[in-house]
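Quick notes on the structure that follows.
Rule-based calculations on the coordinates, nothing more; no lab input. What you see is a predicted model, and the numbers here were worked out from it, not measured in a lab. Virtual Cβ from ideal backbone geometry, glycine too; neighbours counted across all protein chains shown.
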Amino acid sequence: MELLEFNYEAARFWMGFIQLVALVALFIYTHLTNKSKANASAINTVRGDMEQQYDHLEERVSRSERRQDVFESKLDGAPTHQDLSKVYERLNDVAEDLSGVSGQMRALSHQLSMVNQYLLNNKGDHK
């Protein structure tokens, strides 16, 4: 085979074909890589949002637990139904005693009024 008989047209065709195949392969690789990067970016964005929401919810739960602890500690010192029933019994006793004192005060006031009336009526009879 002589050097002059080399078919440059066929070599140029095959070289163009190989470049075309390489260019298509590069396009497909680039497309898939960019799509994968976009997916990874979207996943990272969603992950960040979820972590933010998780932190917010965790903070709210923590605040709620603190408030619940405060309420429970206040409830420990709150009076029970038995305590309140004892208080009501004592209040009823005091009300009864006060009612008795009120009656005695009315009677005493009436007697004082009678003594006053007697003294006013008999002022001149003292001779």
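Filter the range 56-104 for residues that are outside any helix (DSSP H, G or I) and either of a type in the set (Gly, Ala, Ser) or surrounded by 10 or more Cβ atoms within 10 Å (Cβ to Cβ) (or both) and give the result.
GLY77, ALA78, PRO79
What number of residues in the range 74-127 are among the hydrophobic types (A, V, I, L, M, F, W, C) and under 60 Å from the mean Cα position of the chain (by Cα)? Break it down into steps so the answer makes sense when it comes.
First, the residues of the range 74-127 that are among the hydrophobic types (A, V, I, L, M, F, W, C): 75, 78, 84, 87, 91, 94-95, 98, 101, 105, 107-108, 112, 114-115, 119-120.
Next, from what is left, pick out any that are under 60 Å from the mean Cα position of the chain (by Cα): 75, 78, 84, 87, 91, 94-95, 98, 101, 105.
So the answer is 10.
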